[in-house]
Amino acid sequence: MTLGDMERLTYLTEFFELENYGIALWKEFGDDVKEPFEAMMKMLDEPECIEDRWLDDEAKGEKWLLEFQELALTEEYREWIRNYIDKKYEERGLPYPTGADFD
């Protein structure tokens, strides 16, 4: 598993409040991403990284949510995921995803 895959799956498990699944992922694949993760954390300690856009890229999360919805096996699941995403954005007071059209 790549660090990028782990980042995406961590985002999705946190968004969908699947804490135990996220922990299981880190237990299973944490060693696979340990070295690049530690390198990234070390890099983040550098002052010039504070302003890097990729550190807080909301569009990336929105894209992952849209892809997750699109890959659902049935229309019923896609609709459930869309409704869940809508509900979570509303509960958290977040603006509706601008980079993803869930309708």
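FYI, it's all coordinate maths here, none of it is from the lab. Bear in mind that the values here come from a model prediction, so they are computed numbers and not experimental data. Please note: Cβ atoms are built from the backbone with ideal geometry, for glycine as well, and neighbour counts cover all protein chains shown.
Structure notes:
- Set of lysines with alpha-carbon distance to LYS27 below 24 Å, sequence-local pairs under 8 removed: LYS42
- The stretch between PHE29 and LEU94 holds 20.3 nm of extra length on full extension. This uses 0.36 nm per residue minus the Cα-Cα distance.
- Summarising the label geometry, the points placed 7 Å from Cα in the beta-carbon direction at GLU17 and PHE37 lie 2.4 nm from one another.
- Nearby lysines by direct alpha-carbon distance to LYS87 (threshold 29 angstrom, same-chain neighbours under 8 apart not counted): LYS60, LYS63
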